[in-house]
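Inspection log for the structure reproduced underneath, given as structure tokens.
The values are calculated or read from the model by the stated rules, or taken from the named source; none is laboratory data. Model, not experiment: these values are computed from the prediction. Cβ sites come from the backbone with ideal geometry, for glycine too, and all protein chains shown count toward neighbours. Note: areas computed on protein heavy atoms with side chains; ligands, DNA, RNA excluded. Shrake-Rupley method; radii C 1.70, N 1.55, O 1.52, S 1.80 Å.
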Amino acid sequence: MTEQLNFEVPTMADLIARGEEPEILFWVGCFGSYDERAQRTTRDICKILHHVGIKYAVLGTEESCTGDPAKRAGNEFLFQMQAMTNIEVLNGYNIKKIVTGCPHCFNTIKNEYPGLGGNYEVIHHSQLIQQLIDEGKLRAEGGESFKGKKITFHDPCYLGRGNGIYEAPRAALEMLDAQLVEMKRCKVNGLCCGAGGAQMFKEPEPGKKDINVERVEEALALNPQIVATSCPFCMTMLNDGVKFKDQNENVDVLDIAEITVRANGL
Amino acid sequence: MVLQILFIAFVIAAIALFSFNFKKVIRNIRLGRPVDRFDRPGERLKVMLKVAFGQTKMVARPIPAILHFFVYAGFIIINIEVLEIMIDGIFGTHRVFSGLGGFYNFLIGSFEILAFTVLASCVIFLIRRHVLKIKRFRGVEMTEWPKSDANYILITEILLMSAFLIMNAADAKLQAMGAGHYTVGGAFPISQFLQGMLPESESSLIAIERGCWWFHIIGIFAFLNYLPYSKHFHIMLAFPNTYFSYLKPKGEFTNMQTVTNEVKAMLDPSFTPPEAEASRFGAKDVKDLHWANLLNAYTCTECGRCTDACPANITGKLLSPRKIMMDTRDRLTEVGKNIDKHGADYDDGKSLLDDYVSREEIWACTSCNACTQACPVNIDPLGIIVEMRRYIVMEESQAPGSLNTMMGNLENNGAPWKYSPADRFNWANKN
């Protein structure tokens, strides 16, 4: 399996035991840890970190949910319990900088942890990839060619409207020499995939359509070969939508980290 | 002289009545919980200038943006003319500013052009509502009153502008006839075309000119007093509402300080939380919301951009962010009336949640912030939805079953699913 890793992923516990400190902590998140589809993105983010030689670590089994779904569902107690426990772990390891594989974790740690005593420099993996492209460390060379392929990007709400990050994920696509097409509802006007606000974990309310189907129909109308995103929630919803429309043979739903890894042959 | 006294009495009465009702609105807004929206004054001023004065969020929809700008600019600038009307009314003068000469002609000419664009825009707005039947003007919350309210506003504006133009047409004719008291002054690029429709006799023209003058000024003050009952209140409240905007990233939800103290005490037995006032978690009724939420509710002009962008609403769910705002305002008005009638501690046994907003609406939200992005005056329906979720979950423990399962897993396994924390790092296993 090419997608398996041929290197060890360092944990914080390992590094501390060796008396070392990481440059950046990779916060994987629950989806990235447990969901099979999202695990592929997680491994690809590690491949990128490994490839460019950044000294990084993960928390491994010491990581726990940020509390985002509890907070969006209205359970502030559970959220703050999770947050304070995580902050204790992060501060215990003297963490300064964090990259997350999920916009929800990103938003929560970046915006909601400081008020509870957790102050870190937090970036989303799309920002890391953009930065590496700008520094010339990632080039879209030596791997799969995306030349001329039609790609459309779906903005995750907690990355886009939630935190104003629209260009970073597009930077990873712009270097591909692919044909980028935007949906009408993009960037500030992006349509939600339907999973935010804890909707992922419940059945939708009665209506005439599921939100992910509405979104996928908009994407498919552009006839893309790839629907790109940078959120494991969106990934799940878009995949389900593409399958619902029987287009999973023709259209790939990929995270920008996966696209970057393929383009660089990592 | 009698007319001058009548005029002064009318203006004083109109302003007094408006102040009385406006104070009631302020009192109602202050029923909300405290929230600090007085920080970062420089940034707040900038947001207000950009969003309210500059109308930067309107441009997302160019056609209504242009039409709205005509009405907005027209209304603000034509108010200079109201100043002249006031002075003329009080002192019995006629066109008191006409001494300004060429500049006066320029002003009156500009007002006429603006009056015409306001009038035309309002006609187009009526066509959009009644002929084109644009989707966002419909919806469950757009019942009889909101629809009539919109019609009253547009028709009143059309009548006011018509009166202004007919008045000028009659005035110009009287000036040309050299009628006494009608000082020569002003330019009439629009109303010149109306002159032909008017009678030739001096007395009829004076009756028309005076009739329109009184109609115009009475109309303006009647309209002022209509505002506190109408969605049109936004012409005033949009400014403070944008000043008191939520300035943090949209994705950030506030951390509840009362919860922080309790959680700290739970995790660290040596921590003694400061004495907190016993209040409920989240919001069941309007008084549980903070005052900025309530200001939002009075500011909403029911344009429906939020609902039009809402993914839940687009896909046929019951949730409509506009309805959340209208329900909040209507319930707050009801609470205010109860206070007037029965005193401050009266409980009518009703609440915003359940009597106005259903749980089905509250749980359909994806917290995607499309509504807050779409609102041209920075209203935040999501903030109200989250507060009601907090009440349902923390006070009542009535979350939907599947969410309770998710939260149970989170508590026990540190993940929203029933996976063992020991398996959390399995993704890195090499084959």
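Remarks
- Entry comment: accessible area of the protein assembly as shown is 42 Å² per residue, from protein heavy atoms only and a probe of 1.4 Å.
- Taking every alpha-carbon pair within chain A, the share separated by more than 33 Å comes to 18 percent.
- Straight-distance candidates among the aspartates and glutamates for linking to A:Lys243, with alpha-carbon spacing under 19 Å and chain neighbours fewer than 8 residues away dropped: A:Asp35, A:Glu36, A:Glu203, A:Asp210, A:Glu214, A:Glu217, A:Glu218, A:Asp252, A:Asp255.
- Using the Cβ-Cβ distance between B:Ala13 and B:Leu132 with R0 set to 35 Å, the FRET efficiency works out to roughly 0.30.
- Other protein chain Cβ atoms within 10 Å, averaged over every residue that makes up A:204-212: 6
- Partner shielding of A:32-39 amounts to 4, given as the average count of beta-carbon atoms from other chains within 10 Å of each residue beta-carbon.
- Exposure of B:Trp145 as accessible area (Å², to 10), given a probe of 1.4 Å and all protein chains: 110
- Given their separation in residues at 0.36 nm each and the Cα-Cα distance between them, B:Asn105 and B:Asp347 gain 81.2 nm when the chain is fully extended.
- In sequence order, region B:286-299 has phi-based couplings of 4, 5, 7, 7, 8, 4, 5, 4, 6, 4, 3, 5, 6, 7 Hz under the Karplus curve 6.51 cos²θ - 1.76 cosθ + 1.60, θ = phi - 60°, and Gly or Pro positions carry x.
- Using the alpha-carbon positions of chain B, Rg (one decimal) and Dmax (whole number) come out as 27.5, 103 Å.
- Within region B:221-278, GluC sites (Glu not before Pro) in DSSP loop having at most 13 other beta-carbon neighbours inside 10 Å: B:Glu275, B:Glu277
- In whole angstrom, region A:51-124 maps to an equivalent ellipsoid with semi-axes of 21, 13, 11, each derived as √(5λ) from the alpha carbon gyration tensor and ordered largest first.
- The trypsin sites (Lys or Arg not before Pro) of region A:1-82 that meet both conditions, a loop assignment by DSSP and at most 15 other Cβ atoms within 10 Å of the site Cβ, are A:Arg18, A:Lys55.
- Rolling a 1.4 Å probe across all protein chains gives B:Ile63 an accessible area of roughly 110 Å².
- The GluC sites (Glu not before Pro) found in region B:130-227 that occupy coil by DSSP, while having at most 12 further C-beta atoms within 10 Å, are B:Glu200.
- Percent of alpha-carbon pairs separated by more than 24 Å within region A:138-263: 24
- Too-long pairs where the Cα-Cα distance tops 28 Å, listed order kept, from B:Lys50/B:Lys250; A:Lys97/B:Lys248; A:Lys96/B:Lys264; B:Lys23/B:Lys350; B:Lys24/B:Lys57: B:Lys24/B:Lys57
- Under the criterion of Cα pairs below 8 Å and six or more residues apart, the relative contact order for chain A equals 20 percent.
- B:Ile190 accessible area, assembled protein chains, probe 1.4 Å, Å²: 40
- Straight-line reach from A:Lys208: taking Cα to Cα under 17 Å and skipping same-chain neighbours fewer than 8 places apart, the lysines in range are A:Lys245, B:Lys135, B:Lys317.
- Beta bridges from DSSP with both residues in the protein assembly as shown: antiparallel share about 0 percent, rounded to the nearest 5.
- Straight Cα distances below 12 angstrom link B:Lys147 to the aspartates and glutamates B:Glu302, with same-chain residues fewer than 8 positions distant left out.
- Over region A:138-263, relative contact order from alpha-carbon pairs under 8 Å, at least 6 apart, %: 34
- Each Cα pair under 8 Å and six or more residues apart adds its separation to the average, and for chain B the resulting relative contact order is 19 percent.
- Share of carbon and sulfur in the accessible heavy-atom surface of the protein assembly as shown [1.4 Å probe, %]: 58
- Phi to ³J(HN,Hα) by Karplus 6.51 cos²θ - 1.76 cosθ + 1.60 over region A:81-92, Hz, x for Gly, Pro: 4, 4, 4, 5, 5, 5, 4, 4, 5, 5, 5, x
- Subset of B:Lys133/B:Lys231; A:Lys150/A:Lys184; A:Lys55/A:Lys137; B:Lys287/B:Lys323 violating a 21 Å alpha-carbon distance limit: none
- Near B:Thr307: Cβ cut-off under 12 Å, other residues only, Lys/Arg at +1 and Asp/Glu at -1. The net charge is +3.
- Cα-Cα P(r), the protein assembly as shown, percent of pairs per 10 Å interval: 3, 13, 21, 21, 16, 11, 8, 5, 2, 0, 0
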